[in-house]
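The values are calculated or read from the model by the stated rules, or taken from the named source; none is laboratory data. Everything numeric in this text was worked out from a predicted model, so none of it was measured. Please note: Cβ atoms are built from the backbone with ideal geometry, for glycine as well, and neighbour counts cover all protein chains shown. Heads up: the accessible areas ignore ligands, DNA and RNA and are worked out on the full protein's heavy atoms, side chains in. Shrake-Rupley method; radii C 1.70, N 1.55, O 1.52, S 1.80 Å.
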Amino acid sequence: MAGRILSEAESSAQVELDSGKRVKVKAANMLLRFEKPAPAEFLAAAQAGSQHIELDMAWEFAPEEEFGFADLAREYFSAQAPLSEQAAMLFRLFESPHYFRRAGKGRFRKASADVIAQALAAIEKKKLIAQQITQWATELANGQCPEPIREQLYKILFKPDKNAPEYKAVVEAARTTHTAPLALLQKAGAIASPYLFHWKRFLLENFPKGTGFPAALAAPAIDESALPLAGVQAFSVDDSQTTEIDDALSVQGLGSGTITVGIHIAAPGLAIQPGDAVDQVGRNRLSTVYMPGYKVTMLPDTLVQTYTLQAGRDCPALSLYVTLDAATLEIQGHESKIERVPIAHNLRHDQLDSVVTEAWLSGTTVTEENPLQPSSMLREQLSFLYRLAKDLKAKREIVRGRPETFNRPDYNFRLVGNDGNEPQGSETVQISTRQRGAPLDLIVAEAMILANSTWGGWLAELGVPGIYRSQASLAPGIKVRMGTKAQPHAGIGVKSYAWSSSPLRRYVDLVNQWQIIACVRHGKTAALVAPFKPKDASLFAIISSFDEAYSAYNGYQGAMERFWTLKYLQQNAITELEATLFKDNMVRADTLPLVLPVMGWQNLPRGARVRVRLGEMDLITLDITGTVVERLDTPTADPTVADAEEEDVEDDEVAGPIAIAVDVNEPVDATNDNPAS
């Protein structure tokens with residue numbers, strides 16, 4: 001800066017700048033004094049003159065030792081270099097740190113030849129990169145995607161290196177075209193497949209090293225000779241696509257006054273130990289990831305098949321035997337065992353839900369035998385289990401304070417021609433329904449709730465820590481939380497609830513299984529030998545990691561179900577839907593798992609059934625809107641009907657469009673505790 005001296009003391013001066021601002025300047029910072037011209041003119045002339053100084057020549061003239069700018073000016077220009085040339089040299093030295101290193105107020109030292117060579121190479125490289133960024137940005141603005149940007153697409157959008165030229169090119173193009181980065185890249189043809197866009201984004205965020213398992217990972221063996229053989233014939237109930245069969249049921253004592261129900265859980269915890277190679281894999285993944293037509297398992301399939309409850313085998317299992325009064329269904333006691341359990345049947349929901357109905361279980365309907373229909377013995381067992389499930393549910397609902405409602409079905413997605421391979425997004429999708437609360441669904445759900453709540457209470461009774469899920473109340477905004485203390489779960493209606501029934505597909509269940517195994521083997525002294533001790537820091541770390549991963553996995557599952565629902569609309573040329581208004585401007589399709597915003601909903605009450613004309617859909621953002629064209633139901637004077645139907649719905653149940661953000665303003669330089677789910 002330059003200005004006029006108003007007053008001066010021994011060590012400082014009062015200076016007025018051209019702007020009129022007055023500043024106090026130390027004497028050491030006053031590098032030049034001049035009479036003419038005006039300060040602004042002096043600075044402008046010095047800056048212009050500095051551009052004529054050849055740096056290489058100035059560097060040659062500069063001494064090896066430290067020097068002042070005026071000294072070099074006299075060497076470069078002449079021994080009588082005027083103040084204007086001295087100022088020009090000061091500007092030139094100051095703006096050339098690759099040639100001259102600053103050594104103090106107006107003092108410099110020349111850089112070595114090697115340092116200059118490296119600096120000049122870096123400057124040239126930066127210049128070329130800037131040119132490349134400009135070229136790429138121009139191509140993007142013209143609707144063409146450069147290959148380097150296509151290769152870095154997912155990193156640019158989701159995990160950007162903001163110093164990378166590819167990212168800077170997208171930001172520059174978005175800024176100059178006033179277009180959002182995602183829309184810009186779409187127009188430039190960077191996204192060839194909407195499905196792969198979602199899939200690769202998920203992998204980048206959750207599986208950056210891929211979904212494969214270590215090649216040398218082997219299934220630890222269980223010493224089955226040390227396990228007694230259970231005197232039961234157990235059966236599992238799952239969908240046909242299920243390979244991780246980790247729970248089965250058995251019934252003993254039918255026809256007597258006392259009946260024993262066995263809940264048998266696959267026992268990988270007998271072989272896998274905390275800290276071993278398999279445990280490390282499970283702890284890194286934390287859960288199996290489900291999506292339509294595909295899944296990423298928590299454990300390798302070879303390990304899963306070693307421990308799964310496959311029909312025709314005597315499978316190592318952790319069993320809970322619950323003794324009940326046959327007439328009143330009151331629970332008289334329970335016992336846990338580690339044993340081998342004969343698995344007689346692997347029943348499948350999709351094959352049997354139409355057969356195992358309430359009427360069939362009660363014996364009021366008779367159907368011809370077919371290969372998919374359970375035997376008469378199974379019919380008797382299922383009939384009792386269904387009676388028990390309804391009783392357990394009714395008792396839980398008393399604790400909940402209101403009944404559980406199953407107003408909407410579960411939707412099943414099938415990708416034709418996929419056969420379990422990684423989808424490509426072009427498959428034909430079929431969507432079917434399975435009514436929640438159907439007999440088989442209810443039997444399994446209530447049995448698993450019984451096991452998880454019983455074992456959770458038992459762990460607490462013995463002072464053995466576990467991982468619990470709890471919910472303080474059903475009041476709005478009170479969500480399910482995970483912790484190490486046995487606390488009530490208001491949403492389910494039990495005193496405590498510890499996930500333990502799916503150790504092949506949820507890491508939390510495997511952790512709890514290790515703790516339960518210690519209880520079975522050591523009883524009241526289990527707390528001394530259990531793998532995890534009270535207030536164990538690793539338990540809290542597992543809870544934190546699991547919460548984050550499980551939320552991400554569920555969010556991706558919801559997004560993919562929405563993606564395939566939109567594909568279903570597209571493939572079947574569906575332009576209108578029947579739907580129900582469940583809150584302001586939002587409707588839920590009656591026969592598809594789809595929620596969308598609509599226009600024209602004003603003056604319609606919550607719960608009104610309407611016909612919606614669909615607008616444009618975007619398979620990248622998963623966005624779709626609609627317009628109400630007709631009301632289908634008769635207006636009712638009682639608005640509480642609709643309110644009751646949707647009372648259990650939380651906002652996070654609604655899978656909607658996804659958000660993708662890239663900051664173009666910077667300088668260029670989803671819980672479900674249903675065990676049957």
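Here are G437, G466, G425: which of them is assigned to a loop (DSSP other than H, G, I, E, B) and in contact with an Asp or Glu (Cβ under 9 Å, 6 or more places away or on another chain)? Even if it seems obvious, please write down each step before you answer.
Working: G466 fails: in contact with an Asp or Glu (Cβ under 9 Å, 6 or more places away or on another chain); G425 fails: in contact with an Asp or Glu (Cβ under 9 Å, 6 or more places away or on another chain).
Selected residue: G437, the only one of G437, G466, G425 that is assigned to a loop (DSSP other than H, G, I, E, B) and in contact with an Asp or Glu (Cβ under 9 Å, 6 or more places away or on another chain).
Given the criteria closer than 15 Å to R92 by Cα and acidic (D, E), does D71 qualify? Can you show your working first?
Values: closer than 15 Å to R92 by Cα: yes; acidic (D, E): yes.
Answer is yes for this residue.
Residue by residue, here is whether (1) out of contact with any strand residue (DSSP E or B) (no Cβ under 6 Å at 6 or more places or on another chain); (2) of a type outside the set (S, T, Y); (3) at pLDDT below 90; (4) in a strand (DSSP E or B) holds:
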position: P214; (1), (2), (3), (4): yes, yes, yes, no
position: L217; (1), (2), (3), (4): yes, yes, yes, no
position: S236; (1), (2), (3), (4): no, no, no, yes
position: S240; (1), (2), (3), (4): no, no, yes, no
position: T243; (1), (2), (3), (4): yes, no, yes, no
position: A248; (1), (2), (3), (4): no, yes, no, yes
position: G262; (1), (2), (3), (4): no, yes, no, yes
position: V281; (1), (2), (3), (4): yes, yes, no, no
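Can we say N421 is open to solvent by 70 Å² or more (accessible area, probe 1.4 Å) and over 13 Å from P292 (Cα atoms)?
Values: open to solvent by 70 Å² or more (accessible area, probe 1.4 Å): yes; over 13 Å from P292 (Cα atoms): no.
Judged against the criteria, N421 is not a match.
Just checking, how many residues over region 568-597 are among the charged types (D, E, K, R), at pLDDT 90 or above and assigned to a loop (DSSP other than H, G, I, E, B)?
Residues of region 568-597 that are among the charged types (D, E, K, R), as a first pass: 576, 578, 583-584, 588, 590.
Now restrict to residues that are at pLDDT 90 or above: 576, 578, 588, 590.
From what's left, assigned to a loop (DSSP other than H, G, I, E, B): 590.
Residues that pass the stated criteria total 1.
Can you tell me which of S500, S544, S551 is polar (S, T, N, Q), within 30 Å of E422 (Cα to Cα) and in contact with an Asp or Glu (Cβ under 8 Å, 6 or more places away or on another chain)?
Details: S544 fails: in contact with an Asp or Glu (Cβ under 8 Å, 6 or more places away or on another chain); S551 fails: in contact with an Asp or Glu (Cβ under 8 Å, 6 or more places away or on another chain).
It is S500.
Identify the single condition in (1) closer than 15 Å to P97 by Cα; (2) out of contact with any Leu (no Cβ under 9 Å at 6 or more places or on another chain); (3) modelled with pLDDT of 90 or more that W59 does not satisfy, given that it satisfies every other one.
Every listed condition holds for W59 apart from (3).
Of (1) modelled with pLDDT of 90 or more; (2) among the hydroxyl-bearing types (S, T, Y); (3) open to solvent by 30 Å² or more (accessible area, probe 1.4 Å); (4) not in a helix (DSSP H, G or I), Y497 satisfies all except one. Which?
(3)
Restricting the search to region 304-331, which residues are open to solvent by less than 10 Å² (accessible area, probe 1.4 Å), under 40 Å from the mean Cα position of the chain (by Cα) and among the hydrophobic types (A, V, I, L, M, F, W, C)?
Those that are open to solvent by less than 10 Å² (accessible area, probe 1.4 Å), under 40 Å from the mean Cα position of the chain (by Cα) and among the hydrophobic types (A, V, I, L, M, F, W, C): V304, L309, C315, A317, L318, L320, V322.
Inspect all residues belonging to region 617-626 and state whether any of them is of a type in the set (A, V, I, L, M, F, W, C), within 26 Å of the chain's Cα centre (by Cα), closer than 28 Å to F197 by Cβ and open to solvent by 40 Å² or more (accessible area, probe 1.4 Å).
Taking every residue of region 617-626 in turn, at least one turns out to be of a type in the set (A, V, I, L, M, F, W, C), within 26 Å of the chain's Cα centre (by Cα), closer than 28 Å to F197 by Cβ and open to solvent by 40 Å² or more (accessible area, probe 1.4 Å).
Inspect region 241-260 for any residue being open to solvent by less than 10 Å² (accessible area, probe 1.4 Å) and over 18 Å from N346 (Cα atoms) and give the result as yes or no. Let's see the steps before the verdict.
Within region 241-260, the first condition is being open to solvent by less than 10 Å² (accessible area, probe 1.4 Å), and the residues that meet it are 244-246, 248-250, 259.
Narrowing further to those that are over 18 Å from N346 (Cα atoms): 259.
Checking region 241-260: at least one residue is open to solvent by less than 10 Å² (accessible area, probe 1.4 Å) and over 18 Å from N346 (Cα atoms).
Return the total of residues in region 124-165 being part of a helix (DSSP H, G or I), open to solvent by less than 80 Å² (accessible area, probe 1.4 Å) and either in contact with an Asp or Glu (Cβ under 8 Å, 6 or more places away or on another chain) or at positive phi (or both).
Looking only at that region, the number is 8.
Looking for whichever is under 17 Å from the mean Cα position of the chain (by Cα) and either of a type in the set (A, V, I, L, M) or more than 30 Å from N412 (Cα to Cα) (or both) here; the options are V289, V261. Which one fits? Steps first, answer last, please.
Working: V261 fails: under 17 Å from the mean Cα position of the chain (by Cα).
None of the other options fit; the residue is V289.
Output the residues belonging to region 160-217 that are farther than 23 Å from A141 by Cβ and of a type in the set (S, T, Y).
Result: S193, Y195, T211.
Quick check on my filter: what residues within region 95-118 are open to solvent by 40 Å² or more (accessible area, probe 1.4 Å) and either under 30 Å from T177 (Cβ atoms) or among the polar types (S, T, N, Q) (or both)?
Scanning region 95-118 gives S112, Q118.
Residue by residue through region 84-133, note down the ones that are closer than 23 Å to D71 by Cβ and acidic (D, E).
Passing the criteria: E85, E95.
Report whether or not T565 is in a strand (DSSP E or B) and either more than 30 Å from L196 (Cα to Cα) or within 26 Å of the chain's Cα centre (by Cα) (or both).
Numbers: in a strand (DSSP E or B): no; either more than 30 Å from L196 (Cα to Cα) or within 26 Å of the chain's Cα centre (by Cα) (or both): yes.
No, not satisfied.
Is it the case that region 470-486 has a residue that's of a type outside the set (A, V, I, L, M) and either closer than 24 Å to L303 by Cα or open to solvent by less than 10 Å² (accessible area, probe 1.4 Å) (or both)? Step through it out loud before you land on a result.
Taking region 470-486 first, the residues of a type outside the set (A, V, I, L, M) are 470-471, 473, 476-477, 479, 481, 483-485.
Okay, now just the ones that are also either closer than 24 Å to L303 by Cα or open to solvent by less than 10 Å² (accessible area, probe 1.4 Å) (or both), so none.
So far as region 470-486 goes, no, none of its residues is of a type outside the set (A, V, I, L, M) and either closer than 24 Å to L303 by Cα or open to solvent by less than 10 Å² (accessible area, probe 1.4 Å) (or both).
List pairs: first in region 392-405 and over 15 Å from E330 (Cβ atoms) and among the polar types (S, T, N, Q), second assigned to a helix (DSSP H, G or I) and open to solvent by 70 Å² or more (accessible area, probe 1.4 Å), Cβ under 7 Å, 6+ apart or cross-chain?
Sorted first by the residue in region 392-405, then by its partner, the list stays empty.
Considering only residues of region 332-356 that are out of contact with any Asp or Glu (no Cβ under 8 Å at 6 or more places or on another chain) and open to solvent by 50 Å² or more (accessible area, probe 1.4 Å), which is modelled with the lowest pLDDT?
Restricting to residues being out of contact with any Asp or Glu (no Cβ under 8 Å at 6 or more places or on another chain) and open to solvent by 50 Å² or more (accessible area, probe 1.4 Å), the top hit is S354.
For region 292-303, name all the residues that are more than 15 Å from the chain's Cα centre (by Cα), modelled with pLDDT of 90 or more and of a type in the set (V, I, T).
If the condition is that a residue be more than 15 Å from the chain's Cα centre (by Cα), modelled with pLDDT of 90 or more and of a type in the set (V, I, T), then T297 is the only one that fits.
Are any residues in region 375-415 farther than 20 Å from Q233 by Cα and part of a loop (DSSP other than H, G, I, E, B), and if so, which ones?
G401, R402, P403, E404, T405, F406, N407, R408, P409
Is it the case that some residue within region 66-76 is in contact with a Gly (Cβ under 9 Å, 6 or more places away or on another chain) and closer than 17 Å to L6 by Cα?
Taking region 66-76 first, the residues in contact with a Gly (Cβ under 9 Å, 6 or more places away or on another chain) are 66, 68-70.
Add one more test, that the residue is closer than 17 Å to L6 by Cα, and what stays is none.
Checking region 66-76: not a single residue is in contact with a Gly (Cβ under 9 Å, 6 or more places away or on another chain) and closer than 17 Å to L6 by Cα.
Given the criterion among the hydrophobic types (A, V, I, L, M, F, W, C) and open to solvent by 50 Å² or more (accessible area, probe 1.4 Å), identify the matching residue among A62, A73, A81, A121.
Details: A62 fails: open to solvent by 50 Å² or more (accessible area, probe 1.4 Å); A73 fails: open to solvent by 50 Å² or more (accessible area, probe 1.4 Å); A81 fails: open to solvent by 50 Å² or more (accessible area, probe 1.4 Å).
Unique residue meeting the criteria: A121.
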